[in-house]
Amino acid sequence: MMATIINKLRKPKPSSIFDTYWRFAAERQNIFFNRLQETLPPWSNDPILQLHKFTNAYRATDRVSQFLIKEVINKGNQKAEELIFRIILFKLFNKIETWQHLKECLGDISFEAYNFPAYDQALSSIKGRGDAIYSGAYIMASAKSTFGFDFKHQNHLKLLELILQKSIFNKIIQARSLEQLYTTLKELPSIGSFLAYQYAIDVNYSTLTNFSEMEFVKAGPGAKDGIRKCFIDLGELSEEDVIKYMTDRQELEFYRLEIVFKDLWGRPLQLIDCQNLFCEVDKYARLAHPDIRGISNRTRIKQKFRPTSLNKIDYSFPLKWNIDHIQLSKSY
C-alpha cells in the first residue's frame, strides 16, 4: 500500500551523488565480505574507504549491533523485563567497554538484582579513571531537568527505572507495530525521534517483537544530510518516503549501474539500512563530492579507520530472519 501511494507522488530529482549512494553501498558490502573471508587488507581500492571509518551497509552487521544481539540479548534470562532492562541499559551508553566494565564490577546484569547505588558507583569509576562511559555514535540528552542528578549516567539509570515501571513496560511489550513501539519510546524524557527509532530496532532484534524492518522508518539528522546531497528536489516525498523509495528501487538501481550487490545471504537492504546508508554517504561525499554541501555543511570525516585485534566477529542474527548460519562460514 505504501509503495502504491509513493508511486503516485511527484518523484524526487537525483543529484550527481545519487549513483554514489549505490556504489558506496555495494563497495561497503564488498569490504564486509572481504573481511569476513579474512583476506588481507586493503579490502577496497577506494582511498576514502581505506582511510576512514564507516558503518557496514547492514546495521545488524556492525560490531555494536552484533555485541547487542549475541552478548546482551541472547545471553541471560529471556523474561521480558530482563530483556528490556539489558537492551535499554546497553543502548543508553551504546559502548561495549561500558557493558564489560559493568559485568566486571557487578557480575550478572539483571533487573532482578538491579541496585542504583551499585550501578552508579560502577559507572562513576569509569569517569574516575578518565574514560568515556558513552559511545560517540549518538548524542544523549542528560535528562537532568527530569530526574535532577548532577551526572548524566545517574539520570539515565533513573530513566531505565522509569521504563521498567509497569505502565510503560506493558506499553512496550504490547506494541502491535514498529511504529507503535517507536511512539512509546519517543514519549519518554530525553529520547527524541532518532533515538526512539534506533531503540525500537534494537528491541526488535529480540524475541519480544516480530516486526518487519520494512514497515516503518524515521530519518535521523545524518540521513537528512545525505538525502539532501543525493537529491536536488524531493518532489512530493517526505524524507521517510525517500528512504522507502530507495529501498524499493535497490534491485533496479544496482542493475542499471551494472553492480553485483552481495546482499546479506538473501536479505535485501531494509529501511533501517537505507536510512543508515544515507548518513554514511553524507560523510563519504564530504571528500568524494566536496562541492556539494548538506544541511550541516560539514567538510571533514572525523574518524579514521584503525584495524585492531578485535576485528574478527562470529556473526549471528535474529532467528526470525531465517538467515542460514551455516553460510556464514562459506564464501559468498
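The values are calculated or read from the model by the stated rules, or taken from the named source; none is laboratory data. The structure displayed is predicted, hence computed values, not measured ones. For neighbour counting, all protein chains shown are included, and Cβ atoms are generated from backbone atoms with ideal geometry for every residue, glycine included. Please note that ligands, DNA and RNA were not included when accessible areas were found on the heavy atoms of the full protein model with its side chains. Shrake-Rupley method; radii C 1.70, N 1.55, O 1.52, S 1.80 Å.
Counting only DSSP H runs of at least 4 residues, each contributing -39500 (n - 2.57), and dividing by the residue count of the chain, the helix-based mean residue ellipticity at 222 nm comes to -15000 deg cm²/dmol. These residues, 105, 279, 230, go from largest to smallest accessible area, 1.4 Å probe, as 105, 279, 230. Remark: accessible surface ordering of 206, 296, 16 (largest first) is 16, 296, 206, probe radius 1.4 Å. Considering only Cα atoms, the convex hull volume of the stretch 135-183 works out to 100 Å³ per residue.
Here's the picture: charge each Lys and Arg Cβ at +1 and each Asp and Glu Cβ at -1 in the chain, and of 160, 226, 259 the one pushed furthest to the positive end of that dipole is 226. Of the trypsin sites (Lys or Arg not before Pro) in the stretch 18-91, the ones in a loop by DSSP (not H, G, I, E or B) with at most 16 other beta carbons within 10 Å are 53, 75, 79. Largest first, the extents of the alpha carbon coordinates of the stretch 146-219 on the three principal axes equal 40, 28, 18 Å.
The share of alpha-carbon pairs in the stretch 112-262 lying farther apart than 20 Å comes to 62%.
The lysines whose alpha-carbon is closer than 22 Å to the alpha-carbon of residue 166, local same-chain residues fewer than 8 away aside, are 79, 91, 158, 186.
Once the Cα atoms are used to define both axes, helix 96-106 deviates from the longest principal axis of the chain by about 10 degrees. For the chain, modelled as a GNM whose springs connect Cα atoms under 10 angstrom apart, the maximal fluctuation among 285, 80, 57 occurs at 80. How much of the calculated P(r) for the stretch 90-186 lies past 19 Å, in percent of all Cα pairs? I get 48 percent for the Cα pairs in the stretch 90-186 exceeding 19 Å.
Panel values: the stretch 1-115, Kirkwood radius from alpha carbon pairs, Stokes-Einstein at 37 °C and 0.692 mPa s, translational diffusion coefficient 185 µm²/s. Among 204, 94, 322, the largest mean-square fluctuation in a Gaussian network model of the chain, built with springs joining Cα atoms closer than 10 Å, belongs to 322. Only protein heavy atoms count here; under a 1.4 Å probe, residue 181 has an accessible surface of about 0 Å². Shape analysis of the stretch 106-151 yields a ratio of the Cα radius of gyration to the Kirkwood radius, Rg/Rh, of 0.99. Rolling a 1.4 Å probe over the protein heavy atoms gives the chain an accessible area of 49 Å² per residue.
Highest mean packing comes first when the peptides 222-228, 120-126, 7-13 are listed by Cβ atoms within 10 Å, giving 222-228, 120-126, 7-13. Only Lys, Arg, Asp and Glu carry charge here, each on its Cβ (+1 for the first two, -1 for the last two); on that basis the chain has a dipole of about 600 debye about its Cα centre. When the charge dipole of the chain is built from unit charges on Cβ atoms (+1 for Lys and Arg, -1 for Asp and Glu) and taken about the Cα centre, the candidate among 93, 116, 17 whose Cα reaches farthest toward its positive end is 17.
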